[in-house]
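Since the structure comes first, as structure tokens, the remarks are kept for the end.
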Amino acid sequence: MSGLVVPRRLSNDLDVSASTVARHIQALELVYVVRRIPAWSSNLTTRAVAPPKLLFVDSGLAAHLTGMTSRRASHPTAPVGPLLENFVLGELARQLTWADEPVSLFHYRDRDGREVDAVLERASGEIVGIEVKAAETVRAEDFRGLRHFADRVGDRFHAGYVLYAGAEVLPFGPRMRAAPISALWTARNSVPHAS
């Protein structure tokens, strides 16, 4: 499951030093168990010090560690949403390694708790925001974080997508679309650009 990583908070929870927590996270990154997704900010200093999001490279391992089994998959307390977000972020990170041009993957969260699960930024500065929802339907309020983010970055914002468990591509206003999670594997031209 993905989540913000604050070594000092983990240090307090685990009753070990923050440097020990940081070394363990680095070791887990080294053996490809976890991956760090840095925080997006227009300010490079803020970007460098803001807490990263940590995700499990293997979503199956994450599911196992949270106690989810095939028998418990439909259990109401099963963390399906965070696991699905972890899976999508991992898939985006993998696909970006073979993209035609360099694209960086970030997450966004402001001081007021408004967030965007994935921020894709081209070298040219164009930005695409992505939210992940485990639901089979999408509502206008699911775009709240994306709309805030679009207002913040202005003309650099190219499109916003809510990836969800449904089957249709749905428009939600200018530059905003809902698309099935399966769009990550479909042909490039099958998902219309948000315009």
Taking the convex hull of Cα positions in the range 35-190, its mean projected area over all directions (nm²): 10.0
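Counting only DSSP beta bridges with both residues in the range 35-190, what percent are antiparallel, rounded to the nearest 5?
Working: 15 of 27 bridges.
Bridges in the range 35-190 that DSSP calls antiparallel: roughly 55 percent.
Given R₀ = 35 Å, FRET efficiency for V103-R23 by Cβ-Cβ distance, to 0.05? Mind dumping the intermediate values first?
Values: r = 30 Å, r/R0 = 0.86.
The value I calculate is 0.70.
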Within-12-Å neighbourhood charge of N86 [Cβ basis; K, R +1; D, E -1]: -2
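Rule-based calculations on the coordinates, nothing more; no lab input. Since we're looking at a predicted model, the values are computed, not measured. Every residue, glycine as well, gets a Cβ built from its backbone with ideal geometry; the counts of neighbours run over all protein chains shown.
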